[in-house]
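Chemist: Sending over a structure as structure tokens; questions will come in a sec.
The values are calculated or read from the model by the stated rules, or taken from the named source; none is laboratory data. Computed from a prediction, not measured in an experiment: that's the story for all the values here. Using ideal geometry, Cβ is built from the backbone for each residue, glycine included, and neighbour counts are taken over all protein chains shown. Heavy atoms of the whole protein, side chains included, go into the accessibility calculation; ligands, DNA and RNA do not. Shrake-Rupley method; radii C 1.70, N 1.55, O 1.52, S 1.80 Å.
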Amino acid sequence: MKTNDVTQILYNGNVLTMSVGEVQNAQAVAVGRDGRIVAVGTDSEVLNLAKAKTIRTNLNGRTLIPGFFDCHLHLMWLGKNLGNVDLSSPPVRDKDDIIRLLRERLIAKPNEACIQGNRYDQNKLTDGQHLTRYDLDLVSTSVPVRIVHTSGHAAVVNSIALERLGITEQTPDPAGGEIVRDEHGQPTGLLLETASWNDLDRIIPPPSAEESLDALGRANGYLLQRGITSASDANTAPHEIELYQKAMVRDLLTVRVNSMVGWSEVMAGVSEGAIPTSNELQPGGIGFNWHRYHVGQAKLFSDGAITTRTCWLTQPFEQIEGMPESFGIPLHPPDELREYIRLAHNGGWQIATHAIGDRAIDLVLSAYAEAQRLHTRSKPGHRIEHCMLLDRDLIARLRRQNIWSIGQPEFLSNLGDAYVTALGEERTDRLSPYATLDVQNVAQAFSSDCPVVPGAPLAGIRAAIERKTRSGRVLNAGECLPIETALGGYTIAPAFATRTDRDRGSIETGKWADFTLLSADPLTTSVAEWDAVQVVATFVGGACLYGAEAVG
């Protein structure tokens, strides 16, 4: 690139490049007209490239890092949640708080087809019990009410919603789900896994295209405020791809987005024997830019979540008095999941499979190995999303098969106390062994699964280096990571995990000028002073899209 193409120079900063090998420091970065990095170095080296019209941005000694990359979250779900009732605990303490908040929404919006609440977590309520249909009937007996568990793997609905869903005492459990019933066989209103997703159009009208685009715009702003410049949407429906493209073209999506497309839904929509490639599902047309939005992975689910006791285990969950023994729920019959994985592998896809319980992880690793044996590919780069309950054998197989472990450190800080209740001390200590994975050279990258948790990379880094729950319990201190490794888990590692490392993940010449400006250096800030580290500004392609007033 010619030096006269330098349009902006950010200087007088503490630049952590996160280039492969070790953390390297610089002072200044030059950005070209095309939004890519022209040079990285000392102030004198980079400022020497400035021309008369070059914009000079003084970082005033603050820390510039590569833009945070959350390689597993849910953009559309996040955007929709931001328009519903927030039932997060805290501040929500009990059932009465939930009922009050939902009633307030009904009063404010009496014509809504369904009153919806999000981030509900029974584990954090004072009595630790799920709400029932009868609790939600106190909100309304004529308007459907639905509250979604923070994990996304369960929901509770009121009686009119059950009626419209066609759920009665005679309704069988759907494949991969459960309609929870009381001692008389009556549905309680609690729906697990596929039971909580099926037939929702009977109570919730599908959003219009404009409503979906608005949701993506809300999610985009939320991510920019947290310093996120790239994100992977972890379960894009095939029919949503066009919406994402439209959002990108209309600049509602300015964060770079990589979609994991729901593979079982893809295969349901093609003729028998056809295996679509990722290129066949890529959007295109006028104004399309692959670097801003593209389809990346085939996404599958093998089990549920710990907090809803639906992840698939080799040993049962800790017993609850009066409840039957439970090993969780496999979301596909094993042979069906193996076939989906084989088809995606044969189609050349990078596969990302949700697996939290040890039994689910074992199945996915076996299916990946079988697919590779039947159709050998060079470095397919398959992933296991969450990959939480591990033992030595599973860790060795992850390393041997070169499978990515995609972790969510915020799960530990936000949900860790519930994990102890569900799994007991010994198994909880085995969850998300980030330090062991690092030492054993297992490829790992970090993310949030937002809106399951708030999805702030700085909070995730703190959780990875501290592993402290809300109650103050430390979940296996031996698995705490050094700050350099945790920071890499949210910058360079996700770029490799999504195969986009050629143009993002580190501050290097030729890569996109995607940066997060921090108020303090995370590498020299103690955990006790961690709140001093804040996102000041977020740059995508050299443009300051959040915090412009702070950088002048």
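Chemist: Hey, can you grab everything whose amide H is under 5 Å from the amide H of Ser232? Only 5+ residues off in sequence or another chain; H modelled, so Pro and N-termini drop out.
Modeler: Hits under the 5 Å cutoff: Asp70, Cys71, His72, Leu73, Asn258.
Chemist: A follow-up question, please. If you build the convex hull over the alpha carbons only and average its shadow over all orientations, what do you get for the stretch 351-413? Give it in nm² to one decimal. List each step's numbers first, then the result.
Modeler: Numbers: hull surface 16.4 nm².
Quarter of the Cα hull surface area: 4.1 nm².
Chemist: Round to the nearest 10 and give me the degree value, 0 to 90, for the angle of helix 95-108's Cα axis relative to the longest principal axis of the chain.
Modeler: Orientation of helix 95-108: about 80 degrees from the principal axis.
Chemist: Moving on to the next point. Can you work out the accessible area per residue across the stretch 33-119, with the rest of the protein chains kept in place, probe 1.4 Å, in square angstrom?
Modeler: 47
Chemist: Which value, in debye to the nearest 20, gives the size of the charge dipole of the stretch 393-552 about its Cα centre, when Lys and Arg are +1 and Asp and Glu are -1 at the Cβ? Each step should come with its number before you reach the end.
Modeler: Details: 14 positive and 19 negative charges, 97 e Å.
I would put it at about 460 debye.
Chemist: Turning to a different aspect of this structure: How long, wide and thick is the stretch 188-335, going by the Cα atoms along their three principal axes, in whole angstroms, largest first?
Modeler: Computed over the stretch 188-335, the largest-to-smallest principal extents equal 59, 43, 32 Å.
Chemist: Using alpha-carbon positions, what is the distance between the centroids of the stretch 479-516 and the stretch 284-302, in Å?
Modeler: Distance between centres, Cα-based: 20 Å.
Chemist: How big is the shadow of the Cα convex hull of the chain, averaged over all directions, in nm²?
Modeler: Averaged projected hull area, Cα only: 25.5 nm².
Chemist: Debye sum, Cα scatterers, the stretch 265-319, no solvent: what log₁₀ I/I(0) at q = 0.15, 0.21, 0.28, 0.31 1/Å?
Modeler: Cα-only, vacuum Debye calculation for the stretch 265-319: -0.69, -0.87, -1.14, -1.26.
Chemist: Got a sec to turn the phi values of the stretch 49-58 into Karplus ³J(HN,Hα) couplings, 6.51 cos²θ - 1.76 cosθ + 1.60 with θ = phi - 60°, whole Hz, x for Gly and Pro?
Modeler: After applying 6.51 cos²θ - 1.76 cosθ + 1.60, I find 7, 5, 10, 4, 9, 5, 6, 10, 10, 7 Hz.
Chemist: Could you let me know the centre-to-centre spacing of the stretch 37-73 and the stretch 87-103, using Cα atoms, in angstrom?
Modeler: 45
Chemist: A follow-up question, please. Would you list which lysines come within 28 Å of Lys124, measuring only between C-alpha atoms, while excluding same-chain residues fewer than 8 positions from it?
Modeler: The qualifying lysines are Lys80, Lys95, Lys109, Lys468.
Chemist: Using only Cα atoms, what is the ratio of the radius of gyration of the stretch 281-400 to 2.2 N^0.38 Å?
Modeler: Details: Rg = 16.8 Å, N = 120, 2.2 N^0.38 = 13.6 Å.
Dividing the Cα radius of gyration by 2.2 N^0.38 Å gives 1.24.
Chemist: Counting heavy atoms of the protein chains only and a 1.4 Å probe, report the per residue accessible area for the stretch 375-516 as a whole number of Å². List each step's numbers first, then the result.
Modeler: Details: 4780 Å² over 142 residues.
I get 34 Å² per residue for this part.
Chemist: A further question on this structure: Whenever you get a sec, compute what percent of the accessible area on the stretch 1-96 sits on carbon and sulfur atoms (1.4 Å probe). Kindly include the intermediate steps, with their values, before the conclusion.
Modeler: On the way: 2010 of 4270 Å².
That fraction is 47 percent.
Chemist: Can I ask one more? If you count only protein heavy atoms with a 1.4 Å probe, what accessible area per residue comes out for the stretch 142-210, rounded to a whole Å²? Working shown, then result.
Modeler: Working: 2900 Å² over 69 residues.
Value returned for the stretch 142-210: 42 Å² of accessible area per residue.
Chemist: Round to a whole number: what % of the accessible area of the stretch 347-502 belongs to carbon and sulfur, probe 1.4 Å?
Modeler: Details: 2500 of 5240 Å².
Summing carbon and sulfur atoms, their accessible area is 48 percent of the total for the stretch 347-502.
Chemist: Name the residue from Ser196, Val31, Ser366 whose Cα lies farthest towards the positive end of the charge dipole of the chain, charges +1 on Cβ of Lys and Arg and -1 on Cβ of Asp and Glu.
Modeler: Val31
Chemist: Compute the Kirkwood hydrodynamic radius of the stretch 367-458, taking the inverse of the mean of 1/r over all pairs of distinct Cα atoms, and give it in Å to one decimal. If you can, show how the numbers build up before the last one.
Modeler: Values: mean 1/r = 0.0699 Å⁻¹.
Here the Kirkwood hydrodynamic radius works out to 14.3 Å.
Chemist: Right, another one. Just the projected area, averaged over all directions, of the convex hull on the alpha carbon atoms of the stretch 88-129: how many nm²?
Modeler: On the way: hull surface 11.7 nm².
The directionally averaged projection comes out at 2.9 nm².
Chemist: Let me ask something else. 5 Å is the cut-off here: which amide hydrogens, built 1.01 Å from N in the peptide plane, fall below it relative to Thr63, excluding neighbours closer than 5 in sequence?
Modeler: Distant-sequence amide H within range of Thr63: Asn14, Leu518, Ala520.
Chemist: Let me ask you something else. Would you calculate a helix-derived [θ] at 222 nm for the chain, using -39,500 (n - 2.57) for each DSSP H run of n ≥ 4 and dividing by the full residue count, to the nearest 500? Walk me through the intermediate numbers first.
Modeler: On the way: 19 runs with 172 residues, N = 552.
Only helices count here, giving -9000 deg cm²/dmol.
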